[in-house]
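A.B. asks: Take a look at the following structure, please.
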Amino acid sequence: MEGSAGMERIHRETERAASLKFLRTCTLLSCSALVWLVITGCSETASLTDAGLRDAGSRDAGLRDAGSPDAAMDARSLIDGAERDTALFDVAVACILTEETRTETESGLRVVHHHGQSFVSWRDRAEGMEGETYRYQLYRSVDAITDEADLAGAELVVSGILNHSGQLFGEAFRPLERLNPESAMAMVEEGEPALELWSGLWVTTTRETGCAYYAVIATDVEGKALEAVSPGVNATVDPVSEGVALRAPIQRYNSDERGVYSPQTRVTGTPSLPLIVNLHASSATGGGAGDYGDYYNYFGDTSMGYQDGIPSVFSVEETHSGPQLLTMKSRDTIVSPDGSRGVETHWFGYVADPSSGQGRYAYPYTEARLLWTIPWVIAHYSVDLDRVYGEGGSMGAWGTMTFSFRHPEIFAAVYPNRPRFYQRSLASLDGPIDGVTLPNGTSWEVQHDSVAFVRVHPADLPFLGWNIGRKDGYATWKEQLDMVHALHDGHHGFAFAWNNNDHSGGVSAGEEIVRWYPREKFARNLSYPAFANSSIDDDLGSGDPSDGDLEGGINLGFDWTLHVDSSTEWRLDLRNGLAAAGMQVDVTPRRLQAFKITPGETLSYEVTRGGLTLSSGKTTANEHGLITLEVVSILPGTDTSIQITH
C-alpha cells in the first residue's frame with residue numbers, strides 16, 4: 001500500500017481496530033454489564049463512533065442505577081434468560097463484536113468460519129521456486145492485531161506453514177510437487193470456487209465461542225520474520241465470529257463428474273446401503289483417496305495430529321453391479337513437518353511431541369481420523385448401521401487388524417488381505433521409537449499385538465476372514481498360526497486361506513475367503529455359527545513356512561441358513577460345499593440377538609438330519625456365556641439342523 005491514500009487507509013483501520021479493541025472489553029464484563037450494553041445500544045457496534053463508544057462506556061458504567069424501572073425489569077429478564085441458557089448467552093457475547101463469519105482484506109487475506117473451524121487463506125508472497133524460501137506463521141487474537149506489540153500478545157497458532165499450502169491434500173508430499181502449477185487446490189466452502197493457485201491455507205478449530213482477528217506473517221525457513229504487521233495487508237481489520245460446533249468435511253468433487261467410470265460409481269443417494277471401509281496399501285509417494293465417487297477435504301483438530309488443522313481427504317463411491325454398496329477410501333499418509341516427504345502412519349498414528357503440550361508419545365492420530373470420518377459418512381449417506389465392513393491389503397490389512405477388527409460396535413466383518421498380527425514398525429516425527437508408549441502407558445508393541453487382543457476379548461468381535469502366502473516376507477507364517485489358535489481358543493468366527501506364494505502372490509488366496517464368506521452373510525444384528533476343529537481343515541504345520549500343506553484353508557466350505565433367533569430358541573441349517581464325504585465340526589453360536597445365554601446356564605440341544613436325530617442332550621455355557629456343540633456331523637449335499645433351547 002503506497003502514497004497518501006494508503007496511509008490514510010492504515011490510519012482509518014488502526015482507529016477502527018482500537019475502537020473494536022475497546023468494545024471487546026464489553027464482552028468480558030459480567031452478565032449484568034452485558035445486558036446494560038445491549039440496552040444502551042452498545043451491541044450495534046457497526047454504527048458507533050469513537051465518541052459514541054466513549055459515551056456508552058461512561059454512562060453510569062458501574063450500573064448502580066440501571067435507568068427506568070422498565071429497563072431494570074428488562075435487564076433482570078435478560079439476565080435470567082442468559083443464566084438459563086448458556087449457549088444463547090455465548091452467542092450474544094460473540095455477536096457483540098460482529099455477526100460476521102467471514103472477513104477479507106484487499107491483499108487477499110481471508111478468514112471464513114463455519115462448522116466450528118476458521119479457514120484462513122492468503123496469497124503466497126512468491127510463486128514457484130522463489131516461494132520455496134518462505135514459511136508462514138499464523139496468529140490469532142481477541143483484539144485487533146495492529147502492530148508488533150499486539151502480535152507479541154497474540155496466540156501463535158502454528159509456525160512453519162509451507163508455501164502453496166492451499167493445495168488439495170494428496171497433491172504434494174515433496175517440495176517439487178508443491179511447485180506443480182497443475183495441482184488441484186483445496187476448497188474452504190462448498191459451492192464456492194477452490195483457492196487460487198499459489199495460495200496458502202491453514203485451519204483452526206474453535207475451542208470457545210467468541211470473536212477473533214488473524215495475522216499471517218511471512219518468515220524464512222528458520223522462522224525469522226520477513227515482514228512487519230500491516231493491518232489490511234497481513235492482518236485482518238475486522239473480526240470474525242467463531243463458535244464451537246460439529247466439524248464437517250467439504251465436498252471437493254461430485255461423483256457425477258469424476259472420470260469415465262462415473263456412471264458406474266456415482267452416488268445415487270439410495271439409503272440403507274452397506275458400507276465398505278477400504279484401507280489402502282503402502283503409498284508414501286502420495287496420492288489422493290480414490291479416483292471416483294464424492295470427494296472431500298477436511299481438517300483435523302488436535303486429536304488427529306501433532307498440531308491443529310492437519311488436512312486430509314476421503315472419498316465415497318457406489319457400486320452398481322453386483323450387490324449395491326458404498327465404499328469409503330481415505331488417506332493414511334501425512335506430510336512431514338518440514339515438507340520434505342510423506343510419512344506413512346500404518347493406519348495407526350505416530351510418535352510426536354505435539355504443540356498441545358501433552359508430551360512425547362505414540363498417538364493414534366490416524367485412528368482418530370477414521371473414528372471421525374466413518375461415523376460422518378454413515379450418517380451423511382444413511383448407511384445401514386449393521387452392515388459396515390472393513391477391508392485392506394498389505395499395510396491396509398495391518399490397519400484392518402489394528403483398527404477395524406477392534407471396533408465391533410462399527411464393523412460386522414473384516415477382510416484383511418495379507419495382514420500382520422504383530423506390528424514391527426511405527427512412524428515417528430520425533431526420534432527413536434524404542435520404549436515409546438501411548439499416552440495411557442501402553443507400549444506400542446503391546447498395542448499392536450492382535451493375537452494378544454483376541455485372547456483378552458472373549459466377547460463378539462467382527463467376523464475375521466483373511467489370507468496370505470506362506471512366503472509373504474512382510475508377515476511371518478508363525479504369526480498366522482498364533483492367530484488361528486487364539487481365535488480357535490476363544491470360539492470366535494473366522495476363516496483363513498493360504499497359498500505358497502510371496503507377498504504379491506498371496507493376494508489370490510483371498511478368493512476362497514470371498515467365495516465361502518461373502519460380506520452378505522454378516523450383519524451386526526444377525527447371529528451366525530463360528531466353526532472350529534473342522535475335519536477337512538488343511539495342515540498349518542509347525543510354523544515353519546515349509547512345513548504343512550503348502551496351500552489350504554481353515555473353516556472353508558461352510559454355508560448356513562439361520563431360521564430362528566428368539567428369546568427361547570436358536571435354530572439353523574448347516575452344510576459344507578467342500579465336503580467329499582462325511583465330516584465333523586464344532587459349532588458355537590455367535591452374535592446372538594434375542595437368544596441370550598448367561599454364564600453357567602444349562603441349555604438343551606438337538607442335531608438332526610432329514611428328520612432323524614443325530615444327537616441331543618444338555619450343554620452348559622462357559623464363563624463367557626458361550627456354548628459349543630462339538631463334533632457336529634455333516635454329509636455332502638445334505639443339511640444338518642441345529643436347535644438350541646432354554
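A.B. asks: Using protein chains only and a probe of 1.4 angstrom, how many square angstrom of Thr285 are accessible, to the nearest 10?
C.D. replies: Roll a 1.4 Å probe over it and Thr285 shows about 90 Å².
A.B. asks: If you keep only loop residues by DSSP, which GluC sites (Glu not before Pro) in region 395-504 have at most 10 other Cβ atoms within 10 Å of their Cβ?
C.D. replies: Details: sites: Glu409, Glu445, Glu479; in loops: Glu409.
Counting only loop positions with at most 10 other Cβ atoms within 10 Å, the GluC sites (Glu not before Pro) in region 395-504 are Glu409.
A.B. asks: Ranked by accessible surface with a 1.4 Å probe, highest first, in what order do His485, His491, His114 come? Show your work: numbers first, answer last.
C.D. replies: Numbers: His485 90, His491 60, His114 35 Å².
Listed by decreasing accessible area, they come as His485, His491, His114.
A.B. asks: Counting only C-alpha contacts under 8 Å and six or more residues apart, can you give the relative contact order of region 269-335 as a whole percent? Provide the component values of the computation, followed by the final result.
C.D. replies: Details: 112 pairs, mean separation 26.9, N = 67.
With pairs under 8 Å counted, the relative contact order is 40 percent.
A.B. asks: While we're looking at this one, here's another question. What lysines does Lys596 reach when the alpha-carbon gap must be under 28 Å and sequence neighbours fewer than 8 apart in one chain are set aside?
C.D. replies: Within the straight-line cut-off, Lys596 pairs with Lys521, Lys618.
A.B. asks: Suppose every K and R has +1 on its Cβ and every D and E has -1 on its Cβ; what is the size of the dipole of region 110-210 about the Cα centre, in Debye to the nearest 20?
C.D. replies: So the dipole magnitude of region 110-210 works out to roughly 200 debye.
A.B. asks: Next question, about the same structure. Quick check: convex hull over the Cα atoms of region 123-277, volume per residue in Å³, rounded to an integer? Intermediate values should be presented prior to the final figure.
C.D. replies: Values: hull volume 24.8 nm³, N = 155.
Dividing the Cα hull volume of region 123-277 by its residue count gives 160 Å³.
A.B. asks: Divide the volume of the convex hull of the Cα atoms of region 356-451 by its number of residues and quote the answer in cubic angstrom per residue. Kindly include the intermediate steps, with their values, before the conclusion.
C.D. replies: Details: hull volume 11.4 nm³, N = 96.
That works out to 119 Å³ per residue.
A.B. asks: Provide the convex hull volume over Cα atoms per residue for region 256-300, in Å³. Don't jump to the answer; show the numbers that get you there.
C.D. replies: Details: hull volume 6.0 nm³, N = 45.
Hull volume over Cα atoms, normalised by residue count, gives 134 Å³.
A.B. asks: Oh, and also: Straight-line reach only, C-alpha to C-alpha below 30 angstrom: list the lysines that Lys471 could link to, leaving out same-chain residues fewer than 8 apart.
C.D. replies: Qualifying lysines at Cα under 30 Å: Lys329.
A.B. asks: A further question follows. Leaving out ligands, DNA and RNA but keeping every protein chain, what accessible area does Trp372 have, in Å² rounded to the nearest 10, with a 1.4 Å probe?
C.D. replies: 50
A.B. asks: Per-residue accessible area for Leu246 at 1.4 Å probe radius, Å² rounded to 10?
C.D. replies: For Leu246, the solvent-accessible surface is approximately 150 Å².
A.B. asks: Show the residues, 5+ positions off or on another chain, whose built amide H is closer than 5 Å to the amide H of Val564.
C.D. replies: Correct list: Arg571.
A.B. asks: Output the Kirkwood hydrodynamic radius of region 332-407, Cα pairs only, in Å rounded to one decimal. Provide the component values of the computation, followed by the final result.
C.D. replies: Numbers: mean 1/r = 0.0715 Å⁻¹.
14.0 Å is the Kirkwood radius here.
The values are calculated or read from the model by the stated rules, or taken from the named source; none is laboratory data. Note that this is a predicted model, so its numbers are computed, not measured. Cβ sites come from the backbone with ideal geometry, for glycine too, and all protein chains shown count toward neighbours. For the accessible areas, the whole protein counts, side chains as well, though only heavy atoms, and no ligand, DNA or RNA atoms are used. Shrake-Rupley method; radii C 1.70, N 1.55, O 1.52, S 1.80 Å.
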